[in-house]
Amino acid sequence: MARSHPQISKARAQRRWMTAPEDKLWQALRNRQLAGLKFRRKAPLGPYVVDFLCPAARLVVEVTGRAQHRALLVQRDMALQALGYGVIRLAREQVDSDFADLLAEIAAIAHRRH
């Protein structure tokens, strides 16, 4: 039996423990519900596990909590951009406030990148 890559195991574990804002966003992104775009949740990408990934648009959507260190997030975003991915970073509060506008913005950015 082949061993699983550590990032795949980490992604599988993180799928079981999504935050409420991540779950809310996933319910809107899953099954091509947002403008026909295919998203993956808690997807391994290089050395990272990203919250949501649209492979066709090479777009990453991340939901950020208050406890996450800003300098590490900037470094992570730069590394993902160096791999050719666009990054949308959302505060948890954004997911709870203007959800329809947020989804429209994600769709517009994804379509520009596609």
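Where a number appears in this text, it was derived from the coordinates with a stated rule and is not lab data. These figures come from a predicted structure and were not determined experimentally. Cβ: placed from backbone, ideal geometry, glycine included. Neighbour counts: every protein chain shown.
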Diffusion constant of segment 13-114 at 37 °C, which comes from Stokes-Einstein with the Kirkwood Cα-pair radius and 0.692 mPa s, µm²/s: 239 µm²/s
Read phi for every residue in segment 29-46 and hand back ³J(HN,Hα) as whole Hz from Karplus 6.51 cos²θ - 1.76 cosθ + 1.60, θ = phi - 60°, with x for Gly and Pro. 8, 5, 6, 6, 6, 9, 6, x, 7, 8, 10, 10, 9, 6, 9, x, 8, x
Taking R0 as 22 Å, what's the FRET efficiency between Arg89 and Gln33 from their Cβ-Cβ distance, rounded to 0.05? 0.55
Column: log10 I(q)/I(0), Debye, Cα scatterers of segment 65-114, q = 0.18, 0.31, 0.33 Å⁻¹: -0.71, -1.08, -1.11
So how do 75-82, 20-27, 49-56 stack up, highest first, on mean other-Cβ count within 10 Å? 49-56, 20-27, 75-82
Pull up all non-local amide H partners of Arg89: gap of 5 or more, or a different chain, and H-to-H distance under 5 Å with H placed in the peptide plane. Glu62
